[in-house]
Amino acid sequence: EDQVTQSPEALRLQEGESSSLNCSYTVSGLRGLFWYRQDPGKGPEFLFTLYSAGEEKEKERLKATLTKKESFLHITAPKPEDSATYLCAVQAGNNNDMRFGAGTRLTVKP
Amino acid sequence: DSGVTQTPKHLITATGQRVTLRCSPRSGDLSVYWYQQSLDQGLQFLIQYYNGEERAKGNILERFSAQQFPDLHSELNLSSLELGDSALYFCASSTLQGAEETQYFGPGTRLLVL
């Protein structure tokens, strides 16, 4: 069965303390892996799509990477405004179904 | 503001009823996605339409149906509602920038089934 697992569930960082969030997946026929950020009570905000192993994408302090089994979202020198829940999803299969992980709740303290 | 609009913002109804949620995509976006987010099941993908045609299908119940109209707005119909259908329902529209697809989410419709 297709599975998407995110770790850690929660992460507390000091401002400027770089770290990585993990999204591991077991799916057949990966079509794309997506990263989103979601603030409480709001809709998700799209961050990146990765399509193939070895691909990397960057946006401000965020960098996403993809291997055949997992993706990392690296956060460099985070700021308090980076505090949010980060979600990953994989799209795979004949129906192009998307499966979401449970998310990582990131808190960045000033 | 993402440019994606959803109506209504809030909806309270009773079990067994039927409701329709509406989504207007950003101008020019051909693709619409529907998602359900509940506390116990997290964010779940329901269905995607592209220019009026179903493009992808997720964990959508048979009691739920969706369509995308010629003007590209989309509706999600939920029938025979159950308590467990209470959730936030998001739609997103997407655009291709080169080979990259970027999704823009609406603010959501909060559905409460009593």
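The values are calculated or read from the model by the stated rules, or taken from the named source; none is laboratory data. What you see is a predicted model; the values in this text were computed from it and never measured. Virtual Cβ from ideal backbone geometry, glycine too; neighbours counted across all protein chains shown.
Structure values in brief
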read-out: Only listed residue being modelled with pLDDT of 95 or more and more than 14 Å from every other protein chain (Cβ to nearest Cβ), chosen from B:21, B:81, B:88; value: B:81
read-out: Restricting the range A:90-110 to residues that are among the small types (Gly, Ala, Ser) and out of contact with any Phe, Trp or Tyr (no Cβ under 7 Å at 6 or more places or on another chain), the residue that is nearest to the other protein chains (Cβ to nearest Cβ); value: A:102
read-out: Whichever residue in the range B:92-114 is assigned to a loop (DSSP other than H, G, I, E, B) and on the phi < 0 side of the Ramachandran plot and, among such residues, is farthest from the chain's Cα centre (by Cα); value: B:99
read-out: Odd one out for residue A:1, checked against (1) at pLDDT below 95; (2) within 27 Å of residue B:95 (Cα to Cα); (3) out of contact with any strand residue (DSSP E or B) (no Cβ under 7 Å at 6 or more places or on another chain); value: (2)
read-out: Selected residue (only one of A:87, A:33, A:47, A:73 is more than 18 Å from residue B:90 (Cα to Cα), surrounded by 15 or more Cβ atoms within 10 Å (Cβ to Cβ), within 14 Å of chain B (Cβ to nearest Cβ) and hydrophobic (A, V, I, L, M, F, W, C)); value: A:33
read-out: Cβ pairs under 9 Å, 6+ apart, first in the range B:32-51 and within 11 Å of another protein chain (Cβ to nearest Cβ) and β-branched (Val, Ile, Thr), second surrounded by fewer than 16 Cβ atoms within 10 Å (Cβ to Cβ) and part of a strand (DSSP E or B); value: B:47/B:54; B:47/B:65
read-out: Test: residue in the range B:105-114 that is farther than 28 Å from residue A:4 by Cα, surrounded by 16 or more Cβ atoms within 10 Å (Cβ to Cβ), touching a Gly at 6+ places or on another chain (Cβ under 7 Å) and away from chain A (no Cβ under 13 Å); value: no
read-out: Extreme residue, nearest to the other protein chains (Cβ to nearest Cβ), among residues of the range B:52-78 that are farther than 18 Å from residue B:108 by Cβ and buried (at least 20 other Cβ atoms within 10 Å of the Cβ); value: B:56
read-out: Within the range B:1-21, tally of residues that are over 22 Å from residue B:102 (Cβ atoms) and free of Cβ contacts under 8 Å to residues at least 60 places away in the same chain; value: 1
read-out: Candidate set: the range A:59-70, residues that are of a type outside the set (Ser, Thr, Tyr) and closer than 19 Å to residue A:24 by Cα; chosen: the one nearest to the other protein chains (Cβ to nearest Cβ); value: A:64
read-out: Residues satisfying the stated conditions in the range B:1-28, i.e. in a loop (DSSP other than H, G, I, E, B) and buried (at least 21 other Cβ atoms within 10 Å of the Cβ); value: B:4, B:25
